[in-house]
1. Answer yes if at least one residue in the stretch A:209-225 is within 14 Å of chain B (Cβ to nearest Cβ) and within 16 Å of the chain's Cα centre (by Cα), and no otherwise.
2. Restricting to the stretch B:227-252, name every residue that is closer than 18 Å to B:VAL263 by Cα, β-branched (Val, Ile, Thr) and surrounded by fewer than 22 Cβ atoms within 10 Å (Cβ to Cβ).
3. Looking only at the stretch A:280-299, which residues are under 23 Å from B:ALA163 (Cβ atoms) and surrounded by 23 or more Cβ atoms within 10 Å (Cβ to Cβ)?
4. Among the residues of the stretch B:293-301, is there at least one that is more than 19 Å from the chain's Cα centre (by Cα) and among the aliphatic types (A, V, I, L, M)?
5. Does the stretch A:101-122 contain at least one residue that is in a strand (DSSP E or B), closer than 30 Å to B:PRO225 by Cα and charged (D, E, K, R)?
6. Out of the stretch A:179-189, which residues are facing chain B (nearest Cβ under 7 Å) and either part of a helix (DSSP H, G or I) or in contact with a helix residue (DSSP H, G or I) (Cβ under 8 Å, 6 or more places away or on another chain) (or both)?
7. Any residue at all in the stretch A:226-244 that is part of a loop (DSSP other than H, G, I, E, B), without any contact (Cβ under 8 Å) to a residue 12 or more places away in the chain and more than 13 Å from every other protein chain (Cβ to nearest Cβ)?
There are 2 protein chains.
Amino acid sequence: MSEIRKHYFLPEYCIIAEERAKRPSDFAGAAEGSEESLSESCVFCAGNEEKTPPATAVYRNGEVFADTWEKRVRNWDFRCFPNLYPALSPAPPSPGFGKDPEVLPGFGFHEVIVESPLHGKNLKDFSDTEISGLIRVYKDRVCHYAAHEKIRYVSLFKNSGKAAGASQDHPHSQLIALPVCPQILERELKAIREVEECPYCALLEKEKASPRLIHENSKFVAFAPYYSIGPFEVWVLPKEHINFLGNFSPELLFALGEILRAVLRSYAKVLGILPYNHMFYQLFETPEYHLNLRLLPRISTAAGFELNTGVYINTVSPEKTASYLRGNE
Amino acid sequence: MSEIRKHYFLPEYCIIAEERAKRPSDFAGAAEGSEESLSESCVFCAGNEEKTPPATAVYRNGEVFADTWEKRVRNWDFRCFPNLYPALSPAPPSPGFGKDPEVLPGFGFHEVIVESPLHGKNLKDFSDTEISGLIRVYKDRVCHYAAHEKIRYVSLFKNSGKAAGASQDHPHSQLIALPVCPQILERELKAIREVEECPYCALLEKEKASPRLIHENSKFVAFAPYYSIGPFEVWVLPKEHINFLGNFSPELLFALGEILRAVLRSYAKVLGILPYNHMFYQLFETPEYHLNLRLLPRISTAAGFELNTGVYINTVSPEKTASYLRGNE
């Protein structure tokens, strides 16, 4: 029989319905393209720097540079620039704005973080230096936008594969800095403030000893959450209570890269190339929050029921997910 | 410049970013299959009644029958039966259940409503009798499950096309009856109870006179909501305050069928065959609620940002959506 499971600390439910379960190989059809697909016309590739807006931050051997319209930095490791099709933009609002309190101008920042000069590079194959370098870039860019007086939330995420919303094959992450704090985070924060102990600290202790544990290192645990909205969802939590990438020590940055790569390697082993998102949940203004990173393979479709109710039907239990990803099945 | 727009009465935001806009023809790639695709092996087709669980309600010329395991009703207009792969099921929970208050047994009902004996039939081409007949079936089946003492919410929805979560081509709707009320509805209800006038009644008045109006008949309006989570989203609202399909008069049932068909015809004209969901929002225990039907073409992907924040980026403004669907562009 299926189960209706409650979120750890929110009044949200999901349905674990393994009657509809598939084996990991049944999801392989979700894979798109190939790791090897190279594209000379890719605007994110090294050599095509002129084809993007000037980079606001270019990383080379740990040093940070910036492009000008006239001169683009070459031989970079990571490259950050404004999205050419921004959802939000830093331009001042047009004169008509401000009359209706229900409309805010689309103020904000939308940045692309290119993770490698190489088109076919995959995070799971990054060296220690490369993966911890990327996490450092994440930290820097989030801090950069969090420091802006009008920014209330910085969404840092990766869309990999078309089904996950990516329009470019070249490995990249994105960052959207918002002038409002999203309700998803506000609701979590409200629930966190209503209890004495941080609920993430509590669930961390529980999941470390559960059949849902997948990977662990000195600083982080990766597990399939008890409340999982889709097959193979994974949450990564720092063992220490910390609200924001900006407060990460070099050791934490390194350990986060290590465990993220371990999860991606497990995905590749069990599911092959798959579309997935990863998203950081963090609140830079709120020490009560406990940063977490969530990974969600996009191998099921949110249909009318999920849109209608917000209740997700998940055909692979988190216990099964963890067992597969630990390599036990 | 893009706009950040607030929901009518919830603290939710969406981003209208027409910088990324496309013309309707750009979405045509989303179309899948063909209306003509027929399948002799389809288990929903007339003649294959033995291939599904026995129907709990079979409609023929306005009369209702039921299958038995031995005898299946033939020559039907609409046919309702338990989903063969149910997300929830009415079976009593196994003995282990009830120890953990955070786990509910997967109790509930999951029903398929086959909309026509013909595989290639499309709602938009239904006659007056057919479309109002279907809405009557909707009413009957929702009432049937709403009457169950353990049911708190009945989700009635349609997945059309693979991108909308449909696994069968044959036209059908679904119903999932839940023992809990989803937070999406609870949050709306809370907000509704905090104000004096029904916010749906208020927004209805506003949208009737707005550039977002699409269709109107004596009983309903169809409009592109000011807060739209995706291109071509449409809401259909009864002009009178009514909480539940069970309270619909025959005139309301007829008028709902008429306006639903009008919206689907507009979609077909502008977008061709497209994957879409339609979902009823209604609360049978709560007269304060104002029933509404929402239609969402599935031609954009909720990516990492949407998962992270719940803020949807919509590249077609509701004003533009309405203009296209009214036939003005």
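1. The answer is yes, given that some residue of the stretch A:209-225 is within 14 Å of chain B (Cβ to nearest Cβ) and within 16 Å of the chain's Cα centre (by Cα).
2. Answer for the stretch B:227-252, where residues must be closer than 18 Å to B:VAL263 by Cα, β-branched (Val, Ile, Thr) and surrounded by fewer than 22 Cβ atoms within 10 Å (Cβ to Cβ): just B:ILE229.
3. Of everything in the stretch A:280-299, those that are under 23 Å from B:ALA163 (Cβ atoms) and surrounded by 23 or more Cβ atoms within 10 Å (Cβ to Cβ) turn out to be A:PRO297, A:ARG298, A:ILE299.
4. no
5. So far as the stretch A:101-122 goes, yes, one or more of its residues are in a strand (DSSP E or B), closer than 30 Å to B:PRO225 by Cα and charged (D, E, K, R).
6. Listed by number, the residues that qualify are A:PRO182, A:GLN183, A:ILE184.
7. Within the stretch A:226-244, not a single residue is part of a loop (DSSP other than H, G, I, E, B), without any contact (Cβ under 8 Å) to a residue 12 or more places away in the chain and more than 13 Å from every other protein chain (Cβ to nearest Cβ).
Every residue, every condition in (1) within 20 Å of B:HIS278 (Cβ to Cβ); (2) buried (at least 22 other Cβ atoms within 10 Å of the Cβ); (3) touching a Leu at 6+ places or on another chain (Cβ under 8 Å); (4) not aliphatic (A, V, I, L, M), yes or no:
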{"position": "B:ALA147", "(1), (2), (3), (4)": "no, no, no, no"}
{"position": "B:GLY165", "(1), (2), (3), (4)": "yes, yes, no, yes"}
{"position": "B:CYS181", "(1), (2), (3), (4)": "no, no, yes, yes"}
{"position": "B:ILE192", "(1), (2), (3), (4)": "no, no, no, no"}
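The values are calculated or read from the model by the stated rules, or taken from the named source; none is laboratory data. What you see is a predicted model; the values in this text were computed from it and never measured. We place every Cβ from the backbone using ideal geometry, glycine too, and count neighbours over all the protein chains shown.
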